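What follows is a single structure, written as structure tokens, with notes after it.
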Amino acid sequence: MPKYSIVVPFHNEQESVTALYDRLKAVMEATGDTFELVFVDDGSVDRTYKLLREIVTIDSRVVVVKLRRNFGQTSALAAGFAHAQGEFVIAMDGDLQHDPDDIPKFLEMLEQGYDLVSGWRKERVDNFVMRRLPSRIANWAMSKLSGVDIHDFGTTYKAYRREIIQQLPLYGELHRFIPALASWYGASICEIPIKNIVRPKGNSHYGISRTFRVFFDLITIRFLLKYMYRPLHLFGTVGMLSLLGGLGVAFWLMVSKLIWHLSVMGEHGPLLISAAVLIVFGGHRGARVAIAKPGTSGQRVNPAFTTRIKMTPVTTPTELRLAKRMARLGTETAFETLAKARALEAQGRSIIHLEIGEPDFDTPANVIEAGVDAIHKGYTHYTPSAGMPALRETVAAEVTRTHGVPVTAEEVVIVPGGKPTIYFTFTALVEEGDEVIYPNPGFPIYESLINFTGAKPVPLQMREEKDFRLDPNELADLITDRTKLIVMNSPHNPTGSVVTEQDVKDIAAAIGDRDIMVLSDEIYSRLIFEGRHHSLMSLPGWRDRVIMLDGWSKTYAMTGWRLGYGVMRKDLAAQFGRLMTNVNSCSASFTQVAGMEALKGDQASVDNMREQFHARRDKFIAGLNNIKGFSCRLPHGAFYAFPTALQHRQLNGKPGRSAQAHWRLGKEEPLAKNLSPQICADKTRSENSAANFANKHELDFP
Ligand code: PLP
């Protein structure tokens, strides 16, 4: 069901149909809520209906209701209301005299709880004598008679709660009296000023004659409002007097005839006829009130005799109507930058890649062989959703060894890459309105997915003066009753910081025994140049409060294989398994076999890669620190540098823009010039930039 229905009657409005549709669409889409446009063709003989049919084929939110002939505005509105399905219904004219931009004002009042919001053409632009004066008198009279204190009964531009409008009997020209009728049903009513635009196209189909008819209707409405449920109080008295009078006269004539032998027809003919008329009139009134219904002259369209046209678009809709949550989804700009860079490379441009964080090493040969062999051996089918039991066992044994805590296979879920563990953690644990603390700057997917889930992202600043390490005191300050989850990432993307053993203890103390889970992203845990990797998971009592993320992408240069894992308490792992069944079925089977070989096989390639990254880091950071205006702390892990462009503002003249920051490391081409938002990754902090040194060739590392 759409939230809003906009009902618009059209009668020979070919000039305005398309323009009005375009404007309504723009205004309603901006509300971000669902809506339908119910266009009623009131027996048009021009191209109106043809245009409406064209619109309905391209926009499935449009419903066209066709009346078989011209029934008049009230009947057309009533037909539209009958077909409207929205919680709220807004009615307006089809001739562009009503400005769609006023719709949000109506919606605001409906949201405040009013049942009926009436438009008030405060600054009317039409002729004073012919329209404004009679209308003012009629509105004044209407307000007095109905007791509804509004200025403008006549305009169609009104908004209603659907249940109110659908129970009102509408025909003749009753639409002008909707507020009066609605108040009689107990509706709460308010009025808002609307723009009154000069009819831009075509001629008005409503003349002054209508204004006079309104007065007759006014009288009828007065009677309706007063005597609707007690008609005998009015018609009963009149009819009774008439009947009694007629019977009295007839009785007297009968007595005259019988006693005095008068010739009734000859001497009292007119009196006899009068008596007959009074009797007939009196009897007739009595019969009439028994079947009286509200309404004035005019007809009511039986909805069964209207044609409703609603088509599933046969052509692709011009606009994609995405779910609202998609607007909250962020991205990892490195992928977009990479795509642009690749496009430029295809044109022959030389590009130095600092954007995407992936090792330029090949996947170790033994791993490739294991994968290829697995394909040949038929590992090309589904595996259990949470991963092959043997691989889960292998990971469990590995984590037990590296983290010093016992982990079982049931606590491991094999997923396609590192990212699914982030997504599944938020999906399984975080509700709308919960707070999630995450590192900033940080891997952009955290913030993106926190927003996507509808939770509140609470950034924890990673400060340069703290060597970009998470500050436990700041963390403690950010924790509230609504904190559901904290994201940690060490070694850290994009600063390369690595938490110390003491940091981990302090973080545990800051969280205390609150009911908060921690997502510990340890995807770079094997890429540490100084010191050791420390994980919250290893602390006593913390194993079940941590979801540990790791994978093969970075450690084994297997980004394209898509293989990762999450380690977590058994009951949560079962839920991850359910998510896997729903989203991926399972990770690729031959990839899992290759992953097993990676863990079990020779680790020399991992050590070799780390050593090479270590050497590149030293050269890259020294090079950066040699550039005038840049300073860069030594990253202790991963393969990112996060330099501070001290004179960045002077270099490019415009704070926050990386485009003109020409980084030259003995090369003619500027590095990723005009390309890399990663070079100045953190849009909120103009001085900082991120670059990775995972790519050897372009930087001429030894
Ligand atoms: N976590 C962090 C901190 C990362 O930097 C990345 C990738 O760059 C991932 C997770 C995701 O890894 P994958 O590409 O395997 O999904």
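May I ask you to list the aspartates and glutamates whose Cα is less than 17 Å away from that of LYS50, ignoring any residue fewer than eight positions away on the same chain?
Candidates past the 8-residue exclusion: GLU13, GLU15, ASP22, ASP41, ASP42, ASP59, ASP95.
State which entries of LYS324/LYS456; LYS3/LYS158; LYS3/LYS484; LYS340/LYS619 exceed 25 angstrom in Cα-Cα distance in the structure shown. The partial results should precede the final answer.
On the way: LYS324/LYS456 16 Å; LYS3/LYS158 16 Å; LYS3/LYS484 32 Å; LYS340/LYS619 27 Å.
Over 25 Å apart, Cα to Cα: LYS3/LYS484; LYS340/LYS619.
By its C-alpha gyration tensor, with a ≥ b ≥ c as the square roots of the eigenvalues, how is the range 415-557 shaped: rounded for a/c under 1.5, else prolate for a/b larger than b/c, else oblate? Can you show the working numbers first?
Working: a/c = 1.41, a/b = 1.13, b/c = 1.25.
Rounded, because the longest to shortest axis ratio a/c is under 1.5.
FRET efficiency for LYS505 and ASP544, Cβ-Cβ distance as r, R0 = 25 Å, nearest 0.05? Display every interim value, and only then the final one.
Working: r = 18 Å, r/R0 = 0.72.
Given R0 = 25 Å and the Cβ-Cβ separation, E is 0.90.
Arranged from highest to lowest average of other beta-carbon atoms within 10 Å per residue, in what order do the peptides 13-24, 438-449 appear? Write out the running numbers ahead of the final one.
Working: 13-24: 19.2, 438-449: 21.2.
Going by the mean number of other Cβ atoms within 10 Å, highest first, we get 438-449, 13-24.
Which whole-number percent gives the relative contact order of the range 1-148, counting Cα pairs below 8 Å spaced six or more residues apart?
In percent, rounded to a whole number, it is 30.
Hey, can you grab everything whose amide H is under 5 Å from the amide H of TYR438? Only 5+ residues off in sequence or another chain; H modelled, so Pro and N-termini drop out.
VAL458, LEU460, VAL487
Please compute the Cα-Cα pair-distance distribution of the range 22-166 with 10 Å bins starting at 0, giving whole percents from short to long.
Percent of pairs per bin, in order: 10, 36, 36, 16, 1.
Sort LYS3, LYS419 so the one with the fewest other Cβ atoms within 10 Å of its own Cβ comes first.
LYS3, LYS419
Tell me, what ³J(HN,Hα) does each residue in the range 361-371 have, in order and in whole Hz, if you take phi through Karplus 6.51 cos²θ - 1.76 cosθ + 1.60 with θ = phi - 60° and put x for Gly and Pro?
6, 7, 4, x, 4, 4, 6, 4, 4, 4, x
Read-outs: derived from the displayed coordinates by stated rules, not from any lab. Nothing here was measured: the structure is a model prediction, and the numbers come from that model. Because the Cβ atoms are built from the backbone with ideal geometry, glycine has one as well, and the counts that use them run over all protein chains shown.
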